[in-house]
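Engineer: Following this message is one structure expressed as structure tokens.
The values are calculated or read from the model by the stated rules, or taken from the named source; none is laboratory data. Predicted, not measured: the structure shown is a model, and the values here were computed from it. In this analysis, Cβ positions are derived from the backbone assuming ideal geometry, glycine residues included, and neighbour counts consider all displayed protein chains.
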């Protein structure tokens, strides 16, 4: 535990602005802290879009930092911080805009990432560092902050409530039969898998008895990718691209039997709901950003490319190292993904049926 921190801190500020997947990882840490310090007041400085997903998180005060406002966002943050004094700030983001935001947060202790992970002047805006990072995954990096304030290790849990009207929407819009979700779009086009291959996987899932639901945001890139998948598919697909807000998307992912997605927010949203994820990874290290509970279901084209490019073992890969290239995702085959589907059905879905029926 940090030397100057009270045995039971009364006020804790979390600084993690973005992105959707990362704030999902952070929720499990925040809620572990709440279980350890139930009397502490928790304030979370968060991005505008991310707040739409987490806004009704139990017993958390959210202060929205809208980066689209430029310097005005910092003025608004400073105004919101007037009269406050936190026992500790958990500064859980390395981006410079978050580092600058930390300057305006009054806290006796400002705890940042381990020094060797520091970048974009992160170390200048904190007065304490994590001294030992326990794991490579982003979620473990956040749990390092909890460990530093004497929160015991535990299995990650997520409680992200869904409003009643969202549950009703999901009941009315989604199939009553078992369905799976394809969430094909990533934040950058190079991280998207090929539309024709998504279509073949959709057909495969349909042949396995699953309805297929396709989700995505309203961007032109995601709409174009979705249209291409629809044109290649030989089986019906329920198209929800651009038709859900974040809470509705969470409800879709919650009800799905499993999800197929690249490194993207929806993959990590699904994890918070206990929905298995088959991740498609070529640019980011799945050991760092993969679907935390389902890393054994990742189609991994990253490791072999990174080790050949850097001439080192997988466990020696630099933390956060991303690969560049327009064609890396093409190295993931349809056969790889269908094999993972079969494995998931055998190991997870069949097991759930057994558990529910009470049979051995």
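Engineer: Please tell me if residue 32 is farther than 25 Å from residue 264 by Cα, modelled with pLDDT of 95 or more, buried (at least 17 other Cβ atoms within 10 Å of the Cβ) and not assigned by TED's automatic domain parsing to the domain that holds residue 250.
Structural biologist: It is false that residue 32 is farther than 25 Å from residue 264 by Cα, modelled with pLDDT of 95 or more, buried (at least 17 other Cβ atoms within 10 Å of the Cβ) and not assigned by TED's automatic domain parsing to the domain that holds residue 250.
Engineer: Another question, if that's okay. Quick check on my filter: what residues within segment 35-46 are part of a helix (DSSP H, G or I) and surrounded by 14 or more Cβ atoms within 10 Å (Cβ to Cβ)?
Structural biologist: 36
Engineer: Being closer than 14 Å to residue 184 by Cβ and either touching a strand residue (DSSP E or B) at 6+ places or on another chain (Cβ under 8 Å) or free of Cβ contacts under 8 Å to residues at least 12 places away in the same chain (or both) is the filter here, so list the residues in segment 201-219 that pass it.
Structural biologist: 201, 202, 205, 212, 213, 214, 215 - these are the residues of segment 201-219 that are closer than 14 Å to residue 184 by Cβ and either touching a strand residue (DSSP E or B) at 6+ places or on another chain (Cβ under 8 Å) or free of Cβ contacts under 8 Å to residues at least 12 places away in the same chain (or both).
Engineer: Related question: Go through segment 185-220 and give me each residue that's over 21 Å from residue 333 (Cβ atoms) and surrounded by fewer than 23 Cβ atoms within 10 Å (Cβ to Cβ).
Structural biologist: The answer is 187, 188, 209, 211, 217, 218, 219, 220.
Engineer: Restricting to segment 1-17, and then to whatever is part of a loop (DSSP other than H, G, I, E, B) and touching a helix residue (DSSP H, G or I) at 6+ places or on another chain (Cβ under 7 Å), can you tell me which residue is farthest from residue 83 (Cα to Cα)?
Structural biologist: 2
Engineer: Regarding residue 132, is this residue modelled with pLDDT of 95 or more and either assigned to a loop (DSSP other than H, G, I, E, B) or out of contact with any strand residue (DSSP E or B) (no Cβ under 6 Å at 6 or more places or on another chain) (or both)?
Structural biologist: no
Engineer: Turning to a different aspect of this structure: Go through 144, 87 for me and flag whichever is over 27 Å from residue 246 (Cα atoms), modelled with pLDDT of 95 or more, in the same structural domain as residue 29 (by TED's automatic domain parsing) and part of a helix (DSSP H, G or I).
Structural biologist: Result of the check over 144, 87: 144.
Engineer: Turning to a different aspect of this structure: Of the numbered conditions (1) assigned to a loop (DSSP other than H, G, I, E, B); (2) touching a helix residue (DSSP H, G or I) at 6+ places or on another chain (Cβ under 6 Å), residue 198 satisfies every one except a single condition; which is it?
Structural biologist: (1)
Engineer: State whether the residues of segment 18-29 include one that is surrounded by fewer than 21 Cβ atoms within 10 Å (Cβ to Cβ), in a loop (DSSP other than H, G, I, E, B) and either assigned by TED's automatic domain parsing to the domain that holds residue 186 or more than 19 Å from the chain's Cα centre (by Cα) (or both).
Structural biologist: For segment 18-29, residues surrounded by fewer than 21 Cβ atoms within 10 Å (Cβ to Cβ), in a loop (DSSP other than H, G, I, E, B) and either assigned by TED's automatic domain parsing to the domain that holds residue 186 or more than 19 Å from the chain's Cα centre (by Cα) (or both): absent.
Engineer: So which residues in segment 225-245 are under 17 Å from residue 189 (Cβ atoms) and in contact (Cβ under 8 Å) with a residue 60 or more places away in the chain, if there are any at all?
Structural biologist: none
Engineer: Criterion first (at pLDDT 95 or above and within 23 Å of the chain's Cα centre (by Cα)) does residue 107 satisfy it?
Structural biologist: Criteria not met by residue 107.
Engineer: Going through segment 115-129 one residue at a time, which ones are at pLDDT below 95 and either in contact with a strand residue (DSSP E or B) (Cβ under 6 Å, 6 or more places away or on another chain) or within 20 Å of residue 74 (Cα to Cα) (or both)?
Structural biologist: If the condition is that a residue be at pLDDT below 95 and either in contact with a strand residue (DSSP E or B) (Cβ under 6 Å, 6 or more places away or on another chain) or within 20 Å of residue 74 (Cα to Cα) (or both), then 115 is the only one that fits.
Engineer: Right, next: Go through segment 47-84 and count every residue that is free of Cβ contacts under 8 Å to residues at least 40 places away in the same chain, part of a strand (DSSP E or B) and more than 18 Å from the chain's Cα centre (by Cα).
Structural biologist: Total satisfying the criteria: 4.
Residue-wise test of (1) within 15 Å of residue 191 (Cβ to Cβ); (2) modelled with pLDDT of 95 or more; (3) touching a strand residue (DSSP E or B) at 6+ places or on another chain (Cβ under 7 Å).
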{"site": "265", "(1), (2), (3)": "yes, yes, no"}
{"site": "273", "(1), (2), (3)": "no, yes, no"}
{"site": "298", "(1), (2), (3)": "yes, yes, yes"}
{"site": "322", "(1), (2), (3)": "yes, no, no"}
